[in-house]
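K.L.:
Before I ask anything, let me first share the structure, which is written out below as structure tokens.
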Ligand code: DGL
């Protein structure tokens, strides 16, 4: 492993491509290796043991590829097993993700914050701790949105009618006039930003953790002198557990470019 080694980025499927894009925008010289676990998506409806087993197997693949850092571009996998992964791979920086609730709550005025995430993320202790911290001053609502993961994985993100109706259903229980911000607490949901901007009242801030994660990756690499210094654009390689599925490769390229 050295400065020229790739950064390994993974998710349960295609959501982490939204994170990969942010990492590439911030550090275009880095070689990036993406693994989407689409054969096992969604993680949000699986048990901790099942998710952890998949994450071990993906990290073993990254070890064989001699990555210099691992980004868990998945809030669900992070809440399931980031500590176990860090214990197992002591020499590699492992960057996880959590819903960017702290960003939304960084305001002296009381905020009404709606967090959209997977069932798994929202029921975990990690999120309960985060919420307890912010709940003293703000009002927080939690909304699991499993269909938003399925729509991306099933290559239906361009079906405007389906997408808008699904989003409307999830937003229906809330008085949007009183919501200040919506946190996209699942990396798949970042692909809905354009639709949400169209549907939501203008005063609602739409917040995700992707920029913060990319900055954190850069910071950890700098700290370890592992940041690539050349000006050349790095390579992006995409792998998927649905290896032979051509549609998956097309979908990945489409999301990468979109
Ligand atoms: N993209 C993942 C996340 O950030 C999870 C989606 C899923 O597989 O349920 O939580």
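K.L.:
Can you confirm whether residue 255 is crowded, with 16+ Cβ neighbours inside 10 Å, closer than 19 Å to residue 33 by Cβ and over 18 Å from the mean Cα position of the chain (by Cα)?
P.N.:
Values: crowded, with 16+ Cβ neighbours inside 10 Å: yes; closer than 19 Å to residue 33 by Cβ: yes; over 18 Å from the mean Cα position of the chain (by Cα): no.
For residue 255, the condition - crowded, with 16+ Cβ neighbours inside 10 Å, closer than 19 Å to residue 33 by Cβ and over 18 Å from the mean Cα position of the chain (by Cα) - is not met.
K.L.:
Count, please, the residues in the range 81-96 that happen to be in a loop (DSSP other than H, G, I, E, B) and under 14 Å from the mean Cα position of the chain (by Cα). First the steps, then the outcome.
P.N.:
Here is the first cut: in the range 81-96, the ones in a loop (DSSP other than H, G, I, E, B) are 89-93, 96.
Applying the additional criterion that residues be under 14 Å from the mean Cα position of the chain (by Cα) yields 96.
Count: 1.
K.L.:
Considering only residues that are touching a residue at least 24 places away in the same chain (Cβ under 8 Å) and out of contact with any strand residue (DSSP E or B) (no Cβ under 6 Å at 6 or more places or on another chain), look in the range 139-152 and name the one that is nearest to residue 185 (Cα to Cα).
P.N.:
Per the stated criteria, the residue is 144.
K.L.:
Regarding residue 199, is this residue farther than 29 Å from residue 169 by Cβ, touching a helix residue (DSSP H, G or I) at 6+ places or on another chain (Cβ under 9 Å) and surrounded by fewer than 18 Cβ atoms within 10 Å (Cβ to Cβ)?
P.N.:
In short, no.
K.L.:
Shifting gears a bit: State which residue is farthest from the chain's Cα centre (by Cα) when the search covers only the range 134-162 and only residues that are crowded, with 17+ Cβ neighbours inside 10 Å and more than 16 Å from the ligand (Cβ to nearest atom).
P.N.:
Here the answer is 138.
K.L.:
Another question, then. Based on this model, can you work out whether residue 228 counts as surrounded by 15 or more Cβ atoms within 10 Å (Cβ to Cβ) and closer than 17 Å to residue 148 by Cβ? Let's see the steps before the verdict.
P.N.:
Working: surrounded by 15 or more Cβ atoms within 10 Å (Cβ to Cβ): yes; closer than 17 Å to residue 148 by Cβ: no.
Spelling it out, it is not the case that residue 228 is surrounded by 15 or more Cβ atoms within 10 Å (Cβ to Cβ) and closer than 17 Å to residue 148 by Cβ.
K.L.:
Considering only residues that are without any contact (Cβ under 8 Å) to a residue 40 or more places away in the chain, surrounded by 15 or more Cβ atoms within 10 Å (Cβ to Cβ) and either under 15 Å from residue 113 (Cα atoms) or within 15 Å of the ligand (Cβ to nearest atom) (or both), which ones fall in the range 172-195? Outline the logic, then answer.
P.N.:
Quick first cut of the range 172-195, residues without any contact (Cβ under 8 Å) to a residue 40 or more places away in the chain only: 172-173, 175-177, 193-195.
Now drop any that are not surrounded by 15 or more Cβ atoms within 10 Å (Cβ to Cβ), which leaves 176, 195.
176 - this is the single residue of the range 172-195 that is without any contact (Cβ under 8 Å) to a residue 40 or more places away in the chain, surrounded by 15 or more Cβ atoms within 10 Å (Cβ to Cβ) and either under 15 Å from residue 113 (Cα atoms) or within 15 Å of the ligand (Cβ to nearest atom) (or both).
K.L.:
With 142, 136, 126 as the choices, which residue is in contact with a helix residue (DSSP H, G or I) (Cβ under 8 Å, 6 or more places away or on another chain) and at pLDDT below 95?
P.N.:
126
K.L.:
Name the single residue, out of those in the range 97-126 being within 12 Å of residue 186 (Cα to Cα) and assigned to a loop (DSSP other than H, G, I, E, B), that is nearest to the ligand (Cβ to nearest atom).
P.N.:
118
The rows are residues; the columns are (1) part of a helix (DSSP H, G or I); (2) on the phi < 0 side of the Ramachandran plot; (3) at pLDDT 95 or above; (4) touching a helix residue (DSSP H, G or I) at 6+ places or on another chain (Cβ under 9 Å).
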{"residue": "211", "(1), (2), (3), (4)": "yes, yes, yes, yes"}
{"residue": "214", "(1), (2), (3), (4)": "yes, yes, yes, yes"}
{"residue": "218", "(1), (2), (3), (4)": "yes, yes, yes, yes"}
{"residue": "222", "(1), (2), (3), (4)": "yes, yes, yes, no"}
{"residue": "227", "(1), (2), (3), (4)": "no, yes, yes, yes"}
{"residue": "234", "(1), (2), (3), (4)": "no, yes, yes, yes"}
{"residue": "237", "(1), (2), (3), (4)": "no, yes, yes, no"}
{"residue": "243", "(1), (2), (3), (4)": "no, yes, no, yes"}
{"residue": "250", "(1), (2), (3), (4)": "yes, yes, no, no"}
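The values are calculated or read from the model by the stated rules, or taken from the named source; none is laboratory data. Small disclaimer: the values here were computed from a predicted structure and weren't measured. All Cβ positions, glycine included, derive from the backbone under ideal geometry; neighbour counts span all protein chains shown.
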